[in-house]
Amino acid sequence: MYEVRIHGRGGQGAVSAATMLAAAMLEQGKYAVAIPAFGFERRGAPVVSFVRCSDREIRQMTNIYAPDCLICVDPTLTRSVDIFAGLKPGGTLVQATNRPLEEVKLAPNVATAGLCDAVSIALEIFKRPITNTIMLGAFARSTGVVSLEALQRSLEDSDFRDAGLKQNLMALERGYNETRVHTIEQRAAA
């Protein structure tokens, strides 16, 4: 089973991103579930959502505490939330940031980092810092777990088919094309 935890802030579309990602995985013939985490979220407050995918039926509908991949749709979130909690060794971070790798906070168990200047892309396309579809493209580029084409089909079948579909498809593609993927050299335990 492959597990993804998506970190964002209320209003940035982290829950919608989980739903679209699960739909894209289903599109590719996988079993997938999106699990939202609802509490006292408000616009701007830290939120989290989860996605599981597998080749077999999924019965587990709990939060994900040991993800294979983290998607962080907000570049400021790492200042207030330990997004790396529980990340499996050899895990992947897909981070919205305009900083070079050397300036990005990484946990020792991160083996792959996909970095995307999603906020700049979002401001250009949407005129607002809504980065969720951009970061789905970044996830596809960084992990190969889902294809860009499957994500495009999931968007076409989503609520965006009537409003903003063209912009979101452009955002998805730019996220895919403009993500810088880095392999992190793992240090041997002393």
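Observations on the structure shown:
- For the range 89-109, the tally of residues that are under 16 Å from H7 (Cα atoms) and modelled with pLDDT of 95 or more stands at 7.
- Residue satisfying condition, being assigned to a strand (DSSP E or B) and of a type outside the set (V, I, T), within set A150, A111, A140: A111
- Residue list for the range 156-190, restricted to those being modelled with pLDDT under 90 and part of a helix (DSSP H, G or I): E156, D159, F160, R161, L165
- Qualifying position, being surrounded by fewer than 22 Cβ atoms within 10 Å (Cβ to Cβ) and in contact (Cβ under 8 Å) with a residue 40 or more places away in the chain, among V81, V51: V81
- Scanning the range 92-125 for residues that are buried (at least 19 other Cβ atoms within 10 Å of the Cβ) and either touching a Cys at 6+ places or on another chain (Cβ under 8 Å) or over 18 Å from G175 (Cβ atoms) (or both) turns up T92, L93, V94, Q95, A96, T97, V110.
- Odd one out for S142, checked against (1) surrounded by fewer than 22 Cβ atoms within 10 Å (Cβ to Cβ); (2) in contact with a strand residue (DSSP E or B) (Cβ under 8 Å, 6 or more places away or on another chain); (3) among the hydroxyl-bearing types (S, T, Y): (1)
- Checked across the range 2-23, the condition of being aliphatic (A, V, I, L, M) and surrounded by fewer than 16 Cβ atoms within 10 Å (Cβ to Cβ) holds for no residue.
- Leading residue by the ranking (modelled with the highest pLDDT) among those in the range 9-41 that are under 29 Å from L123 (Cβ atoms) and among the polar types (S, T, N, Q): T19
The values are calculated or read from the model by the stated rules, or taken from the named source; none is laboratory data. Keep in mind that what you see is a predicted model, and the values were worked out from it rather than measured. Cβ atoms come from the backbone with ideal geometry, glycine included; neighbour counts cover every protein chain shown.
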